[in-house]
Amino acid sequence: QVQLVESGGGLVQAGGSLRLSCAASGRTFSRYAMGWFRQAPEKEREFVAAISRSGSSTNYADSVKGRFTISRDNAKNTVYLQMVSLKPEDTAVYYCAADEIIRFPLGTGGHLYDYWGQGTQVTVSS
């Protein structure tokens, strides 16, 4: 098992940037592919980005491609989501998640992920 804790959310103006972090417990962090999801009020949970165990492969939702960058530092047991050119429609609670199964392409469905953080709120004002 792995425990995940997100941080870095907040209020930012449109066009601004935020960097989210997800800290994981345990020595087995590198055994998990990691993903970021988000959920806005009255909307379904949405895939944002995913990264393979080694960090060599990534996958992004079309809505964030070119603006968001997922990365990981296995030595620090941390995955990051760098967000630039933020838009009001990016407003949501952002969750990180861990997938214990090796798969290709990287999973985009929330049901494929085994462990979830508590979420961090990102609000983008217009």
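The values are calculated or read from the model by the stated rules, or taken from the named source; none is laboratory data. Remember, it's a predicted structure, so these values are computed and weren't measured experimentally. Cβ: placed from backbone, ideal geometry, glycine included. Neighbour counts: every protein chain shown. Areas reflect the complete protein model, heavy atoms only, side chains present, ligands, DNA and RNA absent. Shrake-Rupley method; radii C 1.70, N 1.55, O 1.52, S 1.80 Å.
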How about the stretch 88-105: which of its residues are open to solvent by less than 80 Å² (accessible area, probe 1.4 Å) and either of a type in the set (Val, Ile, Thr) or at pLDDT 95 or above (or both)? 88, 90, 91, 92, 93, 94, 95, 96, 97, 98, 99
Is it true that some residue in the stretch 6-25 is open to solvent by 30 Å² or more (accessible area, probe 1.4 Å), touching a residue at least 40 places away in the same chain (Cβ under 8 Å) and within 18 Å of residue 112 (Cα to Cα)? no
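Mind listing whichever residues of the stretch 70-87 are over 16 Å from residue 7 (Cα atoms) and either open to solvent by 20 Å² or more (accessible area, probe 1.4 Å) or under 10 Å from the mean Cα position of the chain (by Cα) (or both)? Please lay out each step first, then the result.
The first filter runs over the stretch 70-87 and keeps only residues over 16 Å from residue 7 (Cα atoms), leaving 74-75, 84-87.
74, 75, 84, 85, 87 - these are the residues of the stretch 70-87 that are over 16 Å from residue 7 (Cα atoms) and either open to solvent by 20 Å² or more (accessible area, probe 1.4 Å) or under 10 Å from the mean Cα position of the chain (by Cα) (or both).
Looking at the stretch 53-69 only, could you name the residues that are surrounded by 19 or more Cβ atoms within 10 Å (Cβ to Cβ) and closer than 21 Å to residue 101 by Cα?
Passing the criteria: 59, 60.
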Name the residues in the stretch 91-103 that are of a type outside the set (A, V, I, L, M) and closer than 17 Å to residue 30 by Cβ, would you? 96, 99, 100, 103
